[in-house]
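Report on one structure; see the data block that follows.
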Amino acid sequence: MNGIWYSFSKIIIIFTRIFLLMWTSRHLLPHDFGVFHVFNILITLFMEIPNTGLGASLIKQKNINQNHINTAFFSYIVFAVFFAGILWFGNDLVANFFSIPELSSILHSIFWLPLFIALSAISRNILLKNLEVKKISLIELFSFTCIYIPGVFIVYHLTHNFYALIYPLVAQVLVESMIFYAVKKEKYFFKFDKTAWNELIHFGGWNTASRIVGMLGNQSDGIIIGRVLGSNSLGIYNRSYSIMSTIQNLYAQYLDNIIFADFSKMGEDISLHLKKLLKVEFLLNLFIFPVLLLVLTSSNEIIAILLGDKWKQAEGLLKILTIGLIFRINYKITLQYLRSQGFIKNTFYYSSLYLIVTACLMYSLSHFGLIGVTIGYSLGLIFQYLQLHFKVSKEIPGYTWIRFIKVNKFLLLKFVLLLIFISLLNLILIGKVNIFIAIVIKGLIIGSFFIKQIYHEINSILKAKN
């Protein structure tokens, strides 16, 4: 039920994001999106404050007291001050690393933002612990539709450049943090308790390291492209990445937090772990496969409709990123399972290896340009999926490739057959049918093979909930 509610709110955000994607792509330049992509990497790092291992520890532990909450709050503030210091003193270093001088003043002006995120971190974690997905969804929906979207048009009217992407995002994060704090206001104080710290850090320390390393692995594409190929290339990559991330964001919070909270509440029965893990994988694949099929078979039309003709270079990148997304969504499930069951050191080692392998692949393939880096990034996602699947298969008897294929066989068969059929259909449609009509035809064909099964699964979940 949590996944259904969260997905519903995300669908609204998806459609508004698509409209915004179309508008900004026609009014801003590749350099503007390159600057924004670097800035977004830093924002993503700041937003990890509530998701550090201490927050996961609060979610996982059955009994928490005031000392746990105070100590977590103390730690969040320390993290925030550290990030604020990077923005204040290291802004020139970041700007010089990416050869983007404009970043210096931008980062200097928002040094205070991590502190507001830290103030709301406890509230976010308590809501997740209680699985209050409805409140989380409504807060995120409000901050995006009522703060970010109007902000883009207002700031663009004043500046006509990358500030129209950056400052509305700052406002959104600020308002969202304040609302989280107000909705779930907990009593906590700036105090440190050694006993509570030891209890939290026993689980949270390695989890913090694992999340940060994993985040760097996921953001390494932007770092390498920005450093090696420049802001214009990063801007082109950002547009294809934005389409892919729009799809990914449909389940991002569910994959990163709600699954963890849900898995943490499972008992000791390993057979139930196997059943739930396979069910979650099946449901996410069922919901995401139709979208991925449409993107893979309609990248030309999607780029033309969403971005415009000047972004044709993004077509190939979008296909490669979409293939990688299949593995990213599935590895996130096994990653959260391992974290929820306390295999934190393992996830740290796997995330570290993922970071190293992905960075090496992208850097070694960067002489092929954007295509090379994108292929390297997607290969890294496949590598992470394989190593995490192997680890879970060792912990859960029966979690094998054969069992996975057996559970998902009809989904996989539909995916492959439809991919072949619609690819052949493209030979007839391209150049002969209006791109809007072509994408509708392909969407209807794909939907006809999935909609009945999706309806059945949603109906079954609702009946089980009642």
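The values are calculated or read from the model by the stated rules, or taken from the named source; none is laboratory data. What you see is a predicted model, and the numbers here were worked out from it, not measured in a lab. Glycine gets a Cβ as well: all are built from the backbone with ideal geometry, and neighbour counts include every protein chain shown. With ligands, DNA and RNA removed, areas are computed over all heavy atoms of the protein, side chains included. Shrake-Rupley method; radii C 1.70, N 1.55, O 1.52, S 1.80 Å.
On the given criteria, is Val173 open to solvent by less than 40 Å² (accessible area, probe 1.4 Å), in a helix (DSSP H, G or I), without any contact (Cβ under 8 Å) to a residue 40 or more places away in the chain and in contact with a helix residue (DSSP H, G or I) (Cβ under 7 Å, 6 or more places away or on another chain)? No. If you go through region 212-226 and keep only what is touching a helix residue (DSSP H, G or I) at 6+ places or on another chain (Cβ under 6 Å) and either open to solvent by less than 10 Å² (accessible area, probe 1.4 Å) or farther than 27 Å from His27 by Cβ (or both), you end up with Val213, Gly214, Leu216, Gly217, Ser220, Asp221, Gly222, Ile224, Ile225, Gly226.
Considering only residues of region 124-158 that are polar (S, T, N, Q) and out of contact with any Asp or Glu (no Cβ under 6 Å at 6 or more places or on another chain), which is nearest to Val175 (Cα to Cα)?
Taking region 124-158 as the starting set, the residues that turn out to be polar (S, T, N, Q) are 125, 130, 137, 143, 145.
Okay, now just the ones that are also out of contact with any Asp or Glu (no Cβ under 6 Å at 6 or more places or on another chain), so 125, 130, 137, 145.
Numbers: Asn125: 17, Asn130: 22, Ser137: 14, Thr145: 12 Å.
Looking at the filtered set, the residue picked out is Thr145.
Which one of the conditions (1) in contact with a Lys or Arg (Cβ under 6 Å, 6 or more places away or on another chain); (2) open to solvent by less than 20 Å² (accessible area, probe 1.4 Å) does Thr358 fail to meet, given that it meets all the rest? Only one criterion in (1) in contact with a Lys or Arg (Cβ under 6 Å, 6 or more places away or on another chain); (2) open to solvent by less than 20 Å² (accessible area, probe 1.4 Å) is unmet by Thr358, namely (1). In region 251-273, the residues that are under 21 Å from Phe287 (Cα atoms) reach residues that are in a loop (DSSP other than H, G, I, E, B) and modelled with pLDDT under 65 with C-beta atoms within less than 8 angstrom, at least six apart or across chains, in these pairs: Asp256/Asn51; Asn257/Asn51. Give the residues of region 365-403 that are open to solvent by 20 Å² or more (accessible area, probe 1.4 Å), within 29 Å of Lys345 (Cα to Cα) and among the aromatic types (Phe, Trp, Tyr), sorted by residue number. Phe383, Phe390, Trp401 - these are the residues of region 365-403 that are open to solvent by 20 Å² or more (accessible area, probe 1.4 Å), within 29 Å of Lys345 (Cα to Cα) and among the aromatic types (Phe, Trp, Tyr). Scan region 162-175 and tell me whether some residue there is of a type outside the set (Lys, Arg), within 17 Å of Asn40 (Cα to Cα) and more than 24 Å from the chain's Cα centre (by Cα). No, that holds for no residue.
Within the set His108, His37, the sole residue that is in a helix (DSSP H, G or I), modelled with pLDDT of 80 or more and buried (at least 21 other Cβ atoms within 10 Å of the Cβ) turns out to be His37.
Take the residues in region 89-105 that are among the hydroxyl-bearing types (Ser, Thr, Tyr) and in a helix (DSSP H, G or I); name whichever of them is least open to solvent (accessible area, probe 1.4 Å). Walk me through how you get there before you give the answer.
Keep residues of region 89-105 that are among the hydroxyl-bearing types (Ser, Thr, Tyr), which gives 99, 104-105.
Of the ones still in play, those that are also in a helix (DSSP H, G or I) are 104-105.
Values: Ser104: 21, Ser105: 69 Å².
Ranking the candidates gives Ser104 first.
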